[in-house]
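Single-structure report; data block below.
Nothing in this text is a laboratory measurement; each read-out follows from the coordinates by a stated rule. Everything numeric in this text was worked out from a predicted model, so none of it was measured. Backbone-built Cβ (ideal geometry, glycine too); neighbour counts: all protein chains shown.
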Amino acid sequence: MRRLTDYFLSGFANESPFEKRKASYLLYIIYTAFIYGFLVLVGQLYYHMGQVYFYGNIVALTGVIVSLFLFKGRRIQAAGHVMIISALSMVIIHNLVRDLYKFDPIIRYHIYINMVTLFGVYLLILSFFRSKKVLYYYGVAFELILLGHTLIIYDHLKHIPQMGLFVWQHFTTAATGIFTEAVLCTWLISYIDTLFLQNEEDAERIQLQNEKLEDLVAQRTKALKSSNDNLQEFAYIVSHDLKEPLRTISGFISLIEKDLNKRNLNDEQTKEYLQFVHRGTIQMEELISDILAYSKLNVVERKFEVVDLNDVVADVCNVLSKSINESGAVIKTKDLFAVKGEARLLVQLFQNLLSNAIKYRSEERPLQIEIGCVPQGKMVQYYVKDNGIGIPEKYFDTIFQAFKRLHSKTKYEGTGIGLAICKKIVEVHGGRIWVESDEGLCTAFIFTLPAA
Ligand code: ADP
C-alpha cells in the first residue's frame, strides 16, 4: 500500500503529464475499491436497502469532497475523474440494485436517469473534442448525473420500507459488479485520455519550445541592447574626445601659416599643402560633429513640449542666412502646425533638410524651396520641397543610411550622416520620413510628427 501511495504521489510530482495521468487513474481505482469495500461491509451490517442508498449518497459526497481537495491541490485532471467516477458509480448502484431485486422503480425516473447519463456521456464526447474544457464538462456531467440520481434515491427511499429485507450475499455480488464496472469506466476514461494526451503533449512540447525561444530572444535582445548602448557610448566618447586634438591641429596650422608668411617661406606649393590640411581638419570636424549629433540622439533622454515649427523654421533660416543669400534661394513657408517634440532636435531636422536643399540645387534655375504641412489625425505631415537636382528612385531608401552619399566630396561636400540624423529625429518623435523626387527636377522630403 505504501509503495502504491508513493507511486501515485511521485506520479503527481512528476513533470511528465503521462506519469501524472497514470498516477491519477491509480488513485481512482484505489478510491473506488475502498468505497465499495466499505459499502459491502455496510451492506453486511445493515440488511436494508435504505442503508445502501444512504451510503451510496455518502460515496457521492465523498467523491465531491475528494475532488474539491484535488482541485485545490491543482490535481485538476484527477479531481474531474474522481467526480465522474463517483457519479457514474451511483448510477450503476441504482441500476444493479434495481435489476438484482427486481425492484420496480418508477419508470419516469428510470428514463430520467438514463437521459441524464446520456447527457453526461454527450458532454464527455464534447469534452474530448475540446480538450481545454474537459474538466468543465466533466463537472457539468457529474452535477447533472448526481442531481438526477439524488432525485431517484429520494424517491426510492420513500418506497423502501415496503421492499422487505436486503440479502447481503446479493449485495456482495452487486458490489463486485460495481467495482468491476468502476474499473472499466476508469479504463475507458484513461483510454480517452491517452488520446487527449497526445494533443496535450504536443501542445506542451510546443509551448516549452516557445518559452525556450522567447528566453533566447530576450537574452539576445538584452545582449544586443547592451552592446548597442556600449557602441553608442563609445561613439559619443570618441567623437567628443577627438574634437579637442583636432582643434589643436587647426590652431597650429594657422600659426604655421602665419609664421611662414612672416618669414616669406609660404610659396604656392606650401600654401596648397596647408590648404589641404586645413580642409581636411574642417571635414573631420564636421564628421565628428555629425557622429556626435547622431550618437547623442540615442544617449539623451527626451523631454517633449509644444513646439511652434514656424519659429523653428525662422531660426533655421537665420542660421543659414549666409548660404541662403549666396544661393539666391526663395523660401516659401506655409503656416505650420505646432508639434509635440524637442525643439533642439526639430531645429536640427529642418536645418539638415534646408541645407541639403541649398547644397543640391540645380545650376539651371533659381532655387525655390517650399515648406508646408497637411494635418493627418494625431500626426501632421510636413514637407520640404526643392527644385534642385533630384534623386534617382533607386536611392530613395539608401540615402537615409549613415555615410551613404551619392556624390563625391569634390562635387558636394558632406559627411553622409545628415539624412540619417533626420530619420532618427523623426523616429524619436514616433514619425516616419521618406523622399519623393523627379530626377533632375525636384525633391520633397516628407515626414510625420505628432500634432500638439
Ligand atoms: P550629405 O549631404 O552629407 O552627403 P545626407 O545624409 O544629408 O548627407 O544626404 C545623403 C545624400 O542624399 C546626399 O549625398 C545627396 O546625394 C542626397 N540628397 C539629400 N538631400 C538632397 C536634396 N535635397 N536633393 C538632392 N539630393 C539630396
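Here is a check on your reading of the model: is Gly430 in a loop (DSSP other than H, G, I, E, B) and more than 9 Å from the ligand (Cβ to nearest atom)? Lay out the reasoning, then the answer.
Values: in a loop (DSSP other than H, G, I, E, B): yes; more than 9 Å from the ligand (Cβ to nearest atom): yes.
Yes: the conditions hold for Gly430.
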Quiz item: Restricting segment 425-437 to residues that are surrounded by fewer than 20 Cβ atoms within 10 Å (Cβ to Cβ) and in contact with a helix residue (DSSP H, G or I) (Cβ under 8 Å, 6 or more places away or on another chain), which is farthest from Ala293 (Cα to Cα)?
Solution: Val435
Quiz item: Of these, Tyr382, Tyr395, which one is within 13 Å of the ligand (Cβ to nearest atom) and over 20 Å from Ser289 (Cβ atoms)?
Solution: Tyr395
Exercise. Filter segment 409-427 down to residues that are farther than 19 Å from Lys340 by Cβ and hydrophobic (A, V, I, L, M, F, W, C) and give me whichever is nearest to the ligand (Cβ to nearest atom).
Key: Leu419
Quiz prompt | Any chance Leu406 is in contact with a helix residue (DSSP H, G or I) (Cβ under 7 Å, 6 or more places away or on another chain) and within 12 Å of the ligand (Cβ to nearest atom) | solution = yes
Quiz prompt | Pair list, Cβ < 7 Å and 6+ apart or interchain, from segment 346-357 residues that are within 15 Å of Thr415 (Cα to Cα) and free of Cβ contacts under 8 Å to residues at least 24 places away in the same chain to residues that are assigned to a helix (DSSP H, G or I) and more than 8 Å from the ligand (Cβ to nearest atom) | solution = none
